[in-house]
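Scroll down for the structure; my scribbles are underneath it.
The values are calculated or read from the model by the stated rules, or taken from the named source; none is laboratory data. As the structure is a computational prediction, the values presented were derived from the model and not from experiment. No Cβ is skipped: glycine too gets one built from the backbone with ideal geometry, and neighbour counts run over all protein chains shown.
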Amino acid sequence: MMYFSRLKAAAILGVCLLGLLVSLPNVLPAPASWMPWRTVHLGLDLKGGSYLLMEVDMKAVIKERLDGLLDAVRQALRPGGIFYQTLEAQPDQDRILLRLRDPTKTDAAMAALAPLVQRDGPNNAPDMDIATSEPGTITLTLSQVALNARAAGAVQQSIEIVRRRIDETGVVDPQITRQGDSRIVVQLPGIEDPNRIKELLGKTAHMTFRLVDETASATPGVQPPPGVEFLPMQEGGGKIAVRKRVDVDGADLTDARAGTNGQTGEWVVNFKFNSNGSRRFADITRANVGHRFAVVLDDKVITAPVIREPITGGSGQISGSFTAASANDLAVLLRAGALPAPLTVVEERTIGPELGADSIRAGAISLLAGFLVVIAFMAFFYGLFGWFANLCLVVNLILMLALMSLLEATLTLPGMAGILLTLGMAVDANILINERIREEQRRGRPPLAALEHGFQRAYSTIFDSNAATFLSHVMLFVFGSGPVKGFAVTITIGIATSMFTAWMLTRLLVARWYVAVRPRLLPV
Amino acid sequence: MFIKPRMRLAPDNTNFKFMNGRFAGLIVSAILSTASVILFFTPGLNLGIDFSGGIVMEVRSEGPADFAKIRAALTEEHVPDQGVQRFGDDSTVLIRLPTQPTEAGTEIAVGKVRAALEKSITGVKIVRVDAVGASVSSELFRNGLYALGISLLMILAYIWFRFEWQFAVGAVVTLILDVTKAIGFLALTRIEFDLVMVAAILTILGYSTNDKVVVYDRVRENLRKYKTMPLRDLIDLSINETLNRTLGTSATVFLASLPLALFGGTSISGFAWVMLFGIVVGTSSSIFIAAPILLLLGEKRLRRDTVAIEAPEPGAARQP
């Protein structure tokens, strides 16, 4: 127990030195850019910044899927001459309801619809279930597995788009991660007013180019003719009748930039299509010279100019009483692409850098005060063995810092509280050891035997008591969120390092001291 | 100070008959916990926005804050507030807004308040915005309960595995009593109950477990050593033997947390006060609750069919 081979002693001191080395980057600037310079990250509550939890609107994802399916059903039934009474999406039940005009054609309809089922999910599961409850009534229900896969895809895609949009704003070091099934966490260090970013992320930015129906006039109370909808104008109110058919989709855009019109000087957005978009845009404009063409963004008409001549170059210009900022924002949105579904902010936490600095100061003062108090306590009540414990406490702090740097863990305000608590807990191991040694000595054991037994017996206690605490904090890490996670991280790391320092380092120190001094009585 | 210890927290060879007070301890604890449960329902916890949902904005102005102006600015924008209060010092104000009917409404309300304040009061700074939607807040609450429940189960399993079931049940019952008292303390002091408080309660749980395990560990050891000593005396002996450690550790953890309560700033001092309370409760419950429960559960069993012993340690064998 009290014997350390040279190798073992060197290994223990080596770990301590390595810890010191690894924790250095936290206090020193990087000497060269090629060196791995890992530091502890400050949480947003200390650094200042904005945390946004956004939810992907899964109902919209389902609805879009059902709308797509409606079209597919129509096209599948048309060739067979199967007519229907009703064909409607029921998003609440994830299904489409179809009532045939002629119930005897049920089997024919089922056969026509069968190819719509795709088996691309896991285990080749069908993505929907086509069933008939009574003759003439058919339901197409999306399977849960397929919906989940679709939802996962939508979140993944949203993260990508969100990242692109935020990158455009020049925020340094944004973190965008997925949380749960339908949520996205966006962390924006240094952002004091996240409104602009929330606005950017709050738009799906689905852009379409569609023809204006000039025969219908959008008067309130009038039902739009089939295939036409009345959409509000972005500027100046009023509605305009636009065909539902999408002629060119924003997904075909390759670039969009804000600029000014050379003649009028007003702000515009210049865009370019890919080859598919260019071709379709050329075809449409060629066939509809003299007609109006609407640019629709998220169900609002930005502008609806008259086509003067065919546009064949694959590029164009949107003008619509923009300001420099709004033109720029639109260009960003178009470049980044459309979100598959709307995003809503369900949680926002914004902390100004000033408040963060206050928290760092308060935390540092408490940490220092707590540290000094514990050191004084140990010295007073345990003398030399207390100083051994104190040395271990310092090493423990360094090791914690080192481990947190290696893991690039985030230090939050509760995390600082966690460090403080660990200080208290770390000396617990030393107290257990010291008390035990004292007890063994009082039972009449000679110093070496008292040390041997003291460490041996204390070890099982230290292990059991720390293991239980460790377990409960792992739970906190799993179920906690944000700052609380930071707290759990520091405590778990602290328990691990304190077990090392108490068990290895203290023992080594005491052993070396014993060999050097050979006391007749231990000063415990 | 440098070589010899100056003082002992408790004298060696104490011989307190803690188990004489076992019923008193259990009764006092039961009363306190019952009171806490009552406090939990009326007046209830002062739920922070993490769990109640809503918006909190911390606003800092140059010089003392002008409450009338802030209220007027809010009224002008038709943002009904749930309270504008001083926070920490004179220049800092906390504005609370209720949960908005829709998630999108939350964003709009935050924007409105921001604009209204920046327009009407010069030099005002919004240093913190916390907005939590209704769906998220209930989820956070559920996750907090999960963390608590699963922690308790893991502690139960761990102590059962390392000790005997009587120890595990004794520890977990005591922990539940500890947690209820901490919740009673929160309800009584009106300290805001938020996510950080869940962390505080779990830390108390961890600390208290730690403390119980140390006493139990000694009981386990003494059960092997003194085969014929009645359990009651054996538990008393174990507590007395570990008394210096128990007091020492509680004192250091208490002292380490004290600066946090005093200087930690408004947002973290609540956490520290709950911790301090928890340390006192956790330490005393090891002696007055966990040990008596062990005595009640184990009086017959632990003595008669002696605990399954691992290979006796070499040290124990040489005992006189």
Original post:
On the given criteria, is B:GLY265 within 7 Å of chain A (Cβ to nearest Cβ) and either more than 22 Å from A:ASN466 (Cβ to Cβ) or modelled with pLDDT under 90 (or both)?
Top reply: yes
Checked against (1) at the interface with another protein chain (Cβ under 8 Å from one of its Cβ atoms); (2) modelled with pLDDT of 90 or more, B:ILE279 satisfies every condition except (1)
* To do: Would you check if B:ILE191 is in a helix (DSSP H, G or I), in contact (Cβ under 8 Å) with a residue 40 or more places away in the chain and under 27 Å from B:GLY264 (Cα atoms)?
  => no
Of the listed residues (B:VAL129, B:VAL172), the one being surrounded by 20 or more Cβ atoms within 10 Å (Cβ to Cβ) and within 26 Å of the chain's Cα centre (by Cα) is B:VAL172
Problem set entry | A:LEU201 being closer than 18 Å to A:ASN328 by Cβ and either surrounded by 19 or more Cβ atoms within 10 Å (Cβ to Cβ) or more than 14 Å from every other protein chain (Cβ to nearest Cβ) (or both) | yes
Taking segment B:80-126 and keeping residues exposed (fewer than 15 other Cβ atoms within 10 Å of the Cβ), in contact (Cβ under 8 Å) with a residue 40 or more places away in the chain and within 10 Å of another protein chain (Cβ to nearest Cβ) leaves none
Task: B:LEU231 of a type outside the set (Gly, Ala, Ser), more than 11 Å from chain A (Cβ to nearest Cβ), surrounded by fewer than 24 Cβ atoms within 10 Å (Cβ to Cβ) and in contact (Cβ under 8 Å) with a residue 12 or more places away in the chain - done: yes
Among the residues of segment A:281-313, the number that are farther than 18 Å from A:LEU231 by Cβ and surrounded by fewer than 18 Cβ atoms within 10 Å (Cβ to Cβ) is 13
Taking segment B:126-161 and keeping only residues that are touching a Leu at 6+ places or on another chain (Cβ under 7 Å) and among the basic types (Lys, Arg), one is left with B:ARG128
Regarding segment B:291-299, can at least one residue be identified that is farther than 30 Å from B:LEU47 by Cα and of a type in the set (Gly, Ala, Ser)? yes
If you go through B:GLY53, B:GLY44, the only one that is within 14 Å of another protein chain (Cβ to nearest Cβ) and not polar (S, T, N, Q) is B:GLY53
Scanning segment A:13-35 residue by residue, the ones that are in contact with a helix residue (DSSP H, G or I) (Cβ under 6 Å, 6 or more places away or on another chain) and either part of a loop (DSSP other than H, G, I, E, B) or surrounded by 18 or more Cβ atoms within 10 Å (Cβ to Cβ) (or both) total 4
Pairs returned, first residue in segment A:26-40 that is more than 16 Å from A:ALA402 (Cβ to Cβ), second residue that is among the hydrophobic types (A, V, I, L, M, F, W, C) and assigned to a loop (DSSP other than H, G, I, E, B), beta-carbon separation under 7 angstrom, 6 or more apart or interchain, are A:ALA30/A:TRP37
In the set A:ARG99, A:ARG65, A:ARG38, the lone residue that is among the basic types (Lys, Arg), more than 30 Å from B:ARG128 (Cβ to Cβ) and not in a strand (DSSP E or B) is A:ARG65
Filtering segment B:241-262 down to residues that are hydrophobic (A, V, I, L, M, F, W, C), at the interface with chain A (Cβ under 7 Å from one of its Cβ atoms) and either over 16 Å from A:LEU372 (Cα atoms) or surrounded by fewer than 23 Cβ atoms within 10 Å (Cβ to Cβ) (or both) yields B:ALA251, B:LEU255
With the first residue restricted to segment A:406-430 and required to be more than 9 Å from chain B (Cβ to nearest Cβ), and the second required to be of a type in the set (Asp, Glu), Cβ contacts under 8 Å at 6 or more apart or on different chains are A:THR412/A:ASP45
Scanning segment A:322-362 residue by residue, the ones that are farther than 30 Å from A:ASN261 by Cβ and either more than 7 Å from chain B (Cβ to nearest Cβ) or not in a helix (DSSP H, G or I) (or both) total 18
Sole miss for A:ALA467 among (1) more than 8 Å from chain B (Cβ to nearest Cβ); (2) in contact with a Phe, Trp or Tyr (Cβ under 7 Å, 6 or more places away or on another chain); (3) among the hydrophobic types (A, V, I, L, M, F, W, C); (4) surrounded by fewer than 24 Cβ atoms within 10 Å (Cβ to Cβ) is condition (1)
With respect to A:LEU401, determine if the residue is buried (at least 24 other Cβ atoms within 10 Å of the Cβ), at the interface with another protein chain (Cβ under 10 Å from one of its Cβ atoms) and hydrophobic (A, V, I, L, M, F, W, C).
no
With the structure loaded, tell me whether A:THR208 is of a type in the set (S, T, N, Q), assigned to a strand (DSSP E or B) and within 30 Å of A:THR303 (Cα to Cα) or whether it fails that test.
yes
Checking A:LEU355, A:LEU372, A:LEU339 in turn, the sole residue that is touching an Asp or Glu at 6+ places or on another chain (Cβ under 9 Å), modelled with pLDDT of 85 or more and hydrophobic (A, V, I, L, M, F, W, C) turns out to be A:LEU355
Flagged in segment A:472-497 as within 24 Å of the chain's Cα centre (by Cα), within 7 Å of chain B (Cβ to nearest Cβ), free of Cβ contacts under 8 Å to residues at least 40 places away in the same chain and assigned to a helix (DSSP H, G or I), in numbering order, are A:HIS473, A:MET475, A:LEU476, A:PHE479
Boolean, A:ILE82 is free of Cβ contacts under 8 Å to residues at least 40 places away in the same chain, in contact with a strand residue (DSSP E or B) (Cβ under 9 Å, 6 or more places away or on another chain), of a type in the set (A, V, I, L, M, F, W, C) and not in a helix (DSSP H, G or I) | yes
* Asked: Can you find a residue in segment A:449-459 that is among the polar types (S, T, N, Q) and more than 9 Å from chain B (Cβ to nearest Cβ)?
  -> no
Practice problem: Determine whether segment A:131-144 contains at least one residue that is more than 35 Å from the chain's Cα centre (by Cα) and assigned to a loop (DSSP other than H, G, I, E, B). | Solution: yes
In the set A:ARG279, A:ARG286, A:ARG257, the lone residue that is of a type outside the set (A, V, I, L, M, F, W, C), in contact with a Pro (Cβ under 8 Å, 6 or more places away or on another chain) and not in a loop (DSSP other than H, G, I, E, B) is A:ARG286
